[in-house]
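The values are calculated or read from the model by the stated rules, or taken from the named source; none is laboratory data. Remember, predicted model here, so these are calculated numbers, not experimental data. Cβ atoms come from the backbone with ideal geometry, glycine included; neighbour counts cover every protein chain shown.
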Amino acid sequence: MAPRIWRVSELTAALRHIIEQTYDQVIVVGELSDVRIHNQTGHCYFTLRDEQAQLPCVLWQTHLQRLPFLPRDGYQVQVTGRLTFYESRGRLQLIAIYMQLAGAGARQQAFEALKQKLAAEGLFDETRKRPLPRFPRRIGLVTSDSGAAIHDLLSILGRRFPLAEVLLCPVRVQGQAAAPTIAQAIQRLNALAEDLRPDVLIVGRGGGSADDLWAFNEEVVARAIFASRIPVISAVGHETDVSIADLVADRRAATPSMAAEIAVPDRLELEDHLQRLCRLLQVHLKQNIRQRKHALIALLHRYGMRRLAEQLRYLQERVQGLQRQLEQHERQLIAQRRENVALLEARLAAFDPLRPLERGYVRVRRNGQLVTRAHQLQANDTVVLEFYDGHHSARITSETQVS
């Protein structure tokens, strides 16, 4: 029997049918290479390889978002999907629907590689880590808005330090999209105006599997924490879980509940501390007053202080004597001034123009002018005679007779 002659399209269609029917669900282990995420569609294209072969693969954007990590070259992964054959290109391809790191060893390898890289850049240096504010006015939370972690955080913060305002920036905390949203939330809180910006940030989530917590091992989250102007407390998972975020943060808390306790003081402890300080202050004040009182009494009983009292009495008597002398001198001075005033008044009275009239003399005026000589008057002149108590008109009846 002669072999069948195939058209290219017939053969490729047959191959596609056989491959898709036979390999409709496969799990393949290999190393990622040529990882590329399309800018527009968001699909992830990569090659899965081992020492002897390679297989082109694609992971659609909807499945990529559900991954707990971002695929990178060199990761050892286990990919679940189905095989297909692209007839137009004559190319075999794996359509992936899920991907996970190939065992704890591969995950740890990726963790250690990023840890070594960030440590070399100084992101973990203790010298750059900032102290937390003692009494924060506002606390920013970067975590999921559902679940036990947010409930524990709000409950403990409200109980310990109700004066602090809580600002929640909800984010996804697992899956491939979690890391970028966490980093963006940290950046948004840092970009707030100074009067709205939190004094400290708590970044984290409750417990979960290694895959669930992987977002906090992503480089984008580590760099956002490093760039934050606000001090950051990292609180990821349980006490045994240590993430990259924990190493970069200014302070690590084993759990979200512990982060709340680290972020704020306990109101009851503060009240007790203030009461103890008040009692201690009262004791010190009483001791101080008692010591100064005893010192003053001892000082007053010393010989020098007794002499000082005698000197004060002597000076007081001296001042009183001087005051009496001053008062006597003042009285004498006033009496002398009064005598001088009386003498001046007597002298002024002697020049009073009415005084001669009071003794019987008369002033003669003609036409308003004072007459002092006899030859100033002629017969029939009318004159005014001014007396002490009034005046009269008169007429000159005879010629001037000069004696």
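Does segment 345-357 contain at least one residue that is within 21 Å of S398 (Cβ to Cβ) and either surrounded by 10 or more Cβ atoms within 10 Å (Cβ to Cβ) or of a type in the set (K, R) (or both)? Please lay out each step first, then the result.
We begin by selecting, within segment 345-357, every residue within 21 Å of S398 (Cβ to Cβ); these are none.
Among the residues of segment 345-357, not one is within 21 Å of S398 (Cβ to Cβ) and either surrounded by 10 or more Cβ atoms within 10 Å (Cβ to Cβ) or of a type in the set (K, R) (or both), which makes the answer no.
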State whether the residues of segment 100-118 include one that is within 14 Å of I27 (Cα to Cα), of a type in the set (S, T, N, Q), modelled with pLDDT of 85 or more and surrounded by 15 or more Cβ atoms within 10 Å (Cβ to Cβ).
-> no
Failed condition for Q21, given (1) of a type in the set (S, T, N, Q); (2) surrounded by 13 or more Cβ atoms within 10 Å (Cβ to Cβ); (3) free of Cβ contacts under 8 Å to residues at least 24 places away in the same chain = (2)
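Yes/no per residue for (1) modelled with pLDDT under 95; (2) out of contact with any Phe, Trp or Tyr (no Cβ under 9 Å at 6 or more places or on another chain):
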residue: D211; (1), (2): yes, no
residue: F216; (1), (2): yes, yes
residue: V220; (1), (2): yes, yes
residue: V236; (1), (2): yes, no
residue: S243; (1), (2): yes, no
residue: D250; (1), (2): no, yes
Given the conditions (1) modelled with pLDDT of 90 or more; (2) in a helix (DSSP H, G or I); (3) of a type outside the set (K, R); (4) closer than 20 Å to V242 by Cα, every one holds for I202 apart from (2)
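Out of curiosity, is V283 among the aliphatic types (A, V, I, L, M) and in the same structural domain as P162 (by TED's automatic domain parsing)?
Details: among the aliphatic types (A, V, I, L, M): yes; in the same structural domain as P162 (by TED's automatic domain parsing): no.
Spelling it out, it is not the case that V283 is among the aliphatic types (A, V, I, L, M) and in the same structural domain as P162 (by TED's automatic domain parsing).
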Pick from P3, P56: which is of a type outside the set (V, I, T) and under 30 Å from V220 (Cα atoms)?
-> P56
Some residue of segment 166-185 being under 22 Å from E126 (Cα atoms), β-branched (V, I, T) and in contact (Cβ under 8 Å) with a residue 40 or more places away in the chain | no
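Just the residues that are part of a loop (DSSP other than H, G, I, E, B) and crowded, with 16+ Cβ neighbours inside 10 Å, please, taken from segment 210-240.
Here is the first cut: in segment 210-240, the residues part of a loop (DSSP other than H, G, I, E, B) are 218, 228-231, 237-240.
Answer for segment 210-240, where residues must be part of a loop (DSSP other than H, G, I, E, B) and crowded, with 16+ Cβ neighbours inside 10 Å: E218, S228, I230, P231, G237.
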Given the structure, is L83 in contact with a helix residue (DSSP H, G or I) (Cβ under 7 Å, 6 or more places away or on another chain) and under 25 Å from D241 (Cβ atoms)?
-> no
With criteria (1) out of contact with any Ser or Thr (no Cβ under 7 Å at 6 or more places or on another chain); (2) under 19 Å from R252 (Cα atoms), E121 comes up short on (2)
Out of (1) over 29 Å from Q109 (Cβ atoms); (2) touching a residue at least 40 places away in the same chain (Cβ under 8 Å), the odd one out for G30 is which?
-> (1)
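Condition check: charged (D, E, K, R), more than 30 Å from F387 (Cα to Cα) and either part of a helix (DSSP H, G or I) or modelled with pLDDT of 85 or more (or both). Does R338 satisfy that?
Numbers: charged (D, E, K, R): yes; more than 30 Å from F387 (Cα to Cα): yes; either part of a helix (DSSP H, G or I) or modelled with pLDDT of 85 or more (or both): yes.
In short, yes.
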In segment 158-195, which residues are more than 16 Å from L213 (Cβ to Cβ) and assigned to a loop (DSSP other than H, G, I, E, B)?
-> F161, P162, L163, A164, A191, L192, A193, E194, D195
Quick check: is even one residue across segment 279-287 β-branched (V, I, T), touching a residue at least 40 places away in the same chain (Cβ under 8 Å) and not in a loop (DSSP other than H, G, I, E, B)?
-> no
